[in-house]
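Reviewing the structure listed below.
The values are calculated or read from the model by the stated rules, or taken from the named source; none is laboratory data. Every value quoted in this text rests on a predicted model; they were computed, and no experiment measured them. Cβ: placed from backbone, ideal geometry, glycine included. Neighbour counts: every protein chain shown. To get the accessible areas, we keep the full protein, side chains included, count just its heavy atoms, and leave off ligands, DNA and RNA. Shrake-Rupley method; radii C 1.70, N 1.55, O 1.52, S 1.80 Å.
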Amino acid sequence: MQITAEQGDITTAQVDAVVNAANSTLLGGGGVDGAIHTAAGPRLLEACEELRRTTLPDGLGVGDAVVTPGFDLPAAWVVHTVGPNRHRGETDPDLLTSCFRQSLGVAADAKSRTVAFPAVSAGAYGWDADDVARIALEAVRAWDDENPAAIDAVRFVLFSAGVLGAFERALEG
Ligand code: APR
């Protein structure tokens, strides 16, 4: 598995699956969530509302992941995951590990070969970017060891130079 980090807008990533840093309602928000819903178009919200009416009546749990089509995005799929919110005392790193592992599993189930991740929880949810980068890379590498050749490439697409630096340090580490 090729693992890279770059600065950019994840909504433009030419990959099979884009991971959304959602909240438990799955009904949109700001940050990555807002950008992905805006770029994917209104059908994305309709798909999420359908999930809430059917398989996820109570919303998506912290650390879980669920797939929808990407609609107007370049990516065929959006994998929604809910990161731990430090402001709510959700400080267990295993919750964030679960976001990355579950997202890869769901993306692989949808036959995705390339996946783009944002820095889940490193924005509104208040986690330190260096911690997110370290946890994300550990999780992706471990999942790859357990699922060889399931996914060809993971791209961390980061909005700011500061967060990119955190992932570059983690990649070198
Ligand atoms: N592309 C890539 N990264 C982005 C983009 C984008 N278009 N927009 C924001 N980011 C970055 C942020 O700068 C941050 O580094 O993604 C990282 C995650 O930030 P958030 O989007 O705030 O996600 P998170 O911290 O997980 O908080 C989730 O915020 O938007 C709401 O509905 C969402 O309630 C949920 C919460």
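Checking every residue in segment 29-36 against the condition of being within 10 Å of the ligand (Cβ to nearest atom) and more than 14 Å from the chain's Cα centre (by Cα) gives at least one match. Please tell me if Thr114 is more than 19 Å from Val32 (Cβ to Cβ), open to solvent by 20 Å² or more (accessible area, probe 1.4 Å), of a type in the set (S, T, N, Q) and more than 11 Å from the ligand (Cβ to nearest atom). No; evaluated as a whole, the condition is false for this residue.
If you scan segment 37-51, which residues turn out to be in contact (Cβ under 8 Å) with a residue 24 or more places away in the chain and within 14 Å of the ligand (Cβ to nearest atom)?
Thr38, Ala39, Ala40, Leu44, Cys48
Determine if segment 79-98 includes at least one residue that is surrounded by 21 or more Cβ atoms within 10 Å (Cβ to Cβ), in a loop (DSSP other than H, G, I, E, B) and at pLDDT 95 or above. Yes; the residues of segment 79-98 include at least one that is surrounded by 21 or more Cβ atoms within 10 Å (Cβ to Cβ), in a loop (DSSP other than H, G, I, E, B) and at pLDDT 95 or above. Look at (1) within 12 Å of the ligand (Cβ to nearest atom); (2) of a type outside the set (Val, Ile, Thr); (3) in contact (Cβ under 8 Å) with a residue 60 or more places away in the chain and you find that Gln2 fails only one, number (1). Residues that are more than 11 Å from Ala17 (Cβ to Cβ), of a type in the set (A, V, I, L, M, F, W, C) and either in a helix (DSSP H, G or I) or open to solvent by 50 Å² or more (accessible area, probe 1.4 Å) (or both) within segment 63-78 comprise just one, Phe71. So, in segment 117-126, of the ones that are more than 16 Å from Ala170 (Cα to Cα) and near the ligand (Cβ under 6 Å from one of its atoms), which residue ends up surrounded by the fewest Cβ atoms within 10 Å (Cβ to Cβ)? Once the filter is applied, the top-ranked residue is Ala124. Out of Ala129, Ala166, report the one residue that is modelled with pLDDT of 95 or more, in contact with a Gly (Cβ under 9 Å, 6 or more places away or on another chain), crowded, with 17+ Cβ neighbours inside 10 Å and not hydroxyl-bearing (Ser, Thr, Tyr). Answer to the selection: Ala129.
Inside segment 4-37, residues that are part of a loop (DSSP other than H, G, I, E, B), in contact with a helix residue (DSSP H, G or I) (Cβ under 9 Å, 6 or more places away or on another chain) and within 19 Å of Val62 (Cβ to Cβ) make up a count of 6.
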